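Asker: If you scroll down you'll find the structure; I have some questions about it.
The values are calculated or read from the model by the stated rules, or taken from the named source; none is laboratory data. Since we're looking at a predicted model, the values are computed, not measured. Backbone-built Cβ (ideal geometry, glycine too); neighbour counts: all protein chains shown. Ligands, DNA and RNA are stripped out before the accessible areas are found, and what is left, the full protein with its side chains, is counted by its heavy atoms. Shrake-Rupley method; radii C 1.70, N 1.55, O 1.52, S 1.80 Å.
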Amino acid sequence: MIEGMYRRVITRYGADPLHLLVLLACFTLAGYAASRVIVAGIWLGFLVWFVSAAIIHDLILYPLYAVADVVARWRPWHRLRPPPRAVQWPPVHDHVRVPVAFSGLLLLVWFPLIFRLSEDTYRASTGLDLSPYLGRWLLVTGVLFAGSALAYALRVRRRASRRERATPPRR
């Protein structure tokens, strides 16, 4: 009986029921955030920010990082077919793309504090100094790239050990 209901939901909705629950939770959270913005009386500024962010992302940033991704993946020296016994390295672009994306997102969100563009306002409102932001952003960026390099090294090692097991020993 439950399996029949499950199949009906999948047939009608087109996805797993868990997807529907997560989607409803997201809409609930977005509705709550919108209600807080309206209650605070900053809805016009929020609307301007939201539309500006969408336009800047869709018209400027997305084409830029799409082109950067194509350029990063383009290798003119890469042969179409590798030689039969050549060592094949795993692609590195995903291991560079992820830390660059997270580091860029952090920079985009925190750039006024990282580059000390709002030092007077920040100090007046919090009483704190902006000096740690650049160092911490660089530290987080370094950790992201180090973690990605470690993941790549483990992937290379796993591929090499799999290759060793697959090839019979020569006699």
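Asker: Explain nothing, just compute: Karplus ³J(HN,Hα) = 6.51 cos²θ - 1.76 cosθ + 1.60, θ = phi - 60°, for every residue of segment 118-129 in order, whole Hz, x for Gly and Pro.
Answerer: Per residue, the Karplus-derived 3J(HN,Hα) values read 10, 4, 5, 5, 5, 5, 5, 8, 10, x, 9, 9 Hz.
Asker: Let me ask another. Separation between the L18 and A153 pseudo-spin-labels, each 7 Å from Cα along Cα→Cβ, expressed in nm?
Answerer: Calculated label separation equals 3.4 nm.
Asker: Ok, one more. Based on alpha-carbon atoms only, what is the radius of gyration of segment 83-171 relative to the globular estimate 2.2 N^0.38 Å? Don't jump to the answer; show the numbers that get you there.
Answerer: Numbers: Rg = 21.4 Å, N = 89, 2.2 N^0.38 = 12.1 Å.
Output field value: 1.77.
Asker: Heavy-atom accessible area per residue, the chain, 1.4 Å probe: how many Å²? Let's see the in-between values first.
Answerer: Details: 14700 Å² over 171 residues.
That works out to 86 Å² per residue.
Asker: To the nearest µm²/s, what D does Stokes-Einstein give for segment 1-41 at 37 °C and 0.692 mPa s, using the Kirkwood radius over alpha carbon pairs as Rh? Kindly include the intermediate steps, with their values, before the conclusion.
Answerer: Working: Rh = 11.9 Å.
The estimated diffusion coefficient comes to 275 µm²/s.
Asker: If I model the chain as equal point scatterers sitting on the Cα atoms and use the Debye formula, what is log10 I(q)/I(0) at q = 0.14 Å⁻¹?
Answerer: With no solvent term, the Cα-only Debye profile gives -1.14.
Asker: When the dipole is taken about the Cα centre of the chain, and only Lys, Arg (+1) and Asp, Glu (-1) are charged at their Cβ, what size is it in debye, to the nearest 20?
Answerer: With only Lys, Arg, Asp and Glu charged at Cβ, the dipole is about 1660 debye.
Asker: While we're on this one: For helix 43-56, report the angle its Cα long axis makes with the longest principal axis of the Cα atoms of the chain; keep it between 0 and 90° and round to the nearest 10°.
Answerer: The two axes meet at around 30 degrees.
Asker: Also, I was wondering about something else. Pop out the carbon and sulfur fraction of the accessible area of segment 83-171 as a percent, whole number, probe 1.4 Å.
Answerer: Details: 4660 of 7060 Å².
Roughly 66 percent of what the probe reaches on segment 83-171 is carbon or sulfur.
Asker: Continuing with this model, one more query. I'd like the Karplus ³J(HN,Hα) series for segment 3-16: coefficients 6.51, -1.76, 1.60, θ = phi - 60°, whole numbers in Hz, and an x wherever there's a Gly or Pro.
Answerer: So the Karplus estimates, Gly and Pro as x, are 5, x, 5, 4, 5, 5, 5, 5, 5, 6, 7, x, 8, 5 Hz.
Asker: Same structure, new question: Between the helical axis of 17-40 and the dominant principal axis of the chain, each derived from Cα atoms, what acute angle in degrees is found, rounded to the nearest 10?
Answerer: Computed tilt is about 30 degrees.
Asker: Turning to a different aspect of this structure: Angle between the Cα long axis of helix 131-166 and the longest principal axis of the chain, 0 to 90 degrees, nearest 10?
Answerer: The answer is roughly 20 degrees.
Asker: Calculate what fraction, in whole %, of the accessible area of segment 1-41 sits on carbon and sulfur atoms when a 1.4 Å probe is rolled over the protein chains.
Answerer: Working: 2640 of 3640 Å².
Carbon and sulfur together cover 72 percent of it.
Asker: Using the beta-carbon distance between L105 and A40 and R0 = 25 Å, what value does 1/(1 + (r/R0)^6) give for FRET efficiency, to the nearest 0.05? Mind showing how you got there, number by number?
Answerer: Working: r = 25 Å, r/R0 = 1.00.
Calculated value: 0.50.
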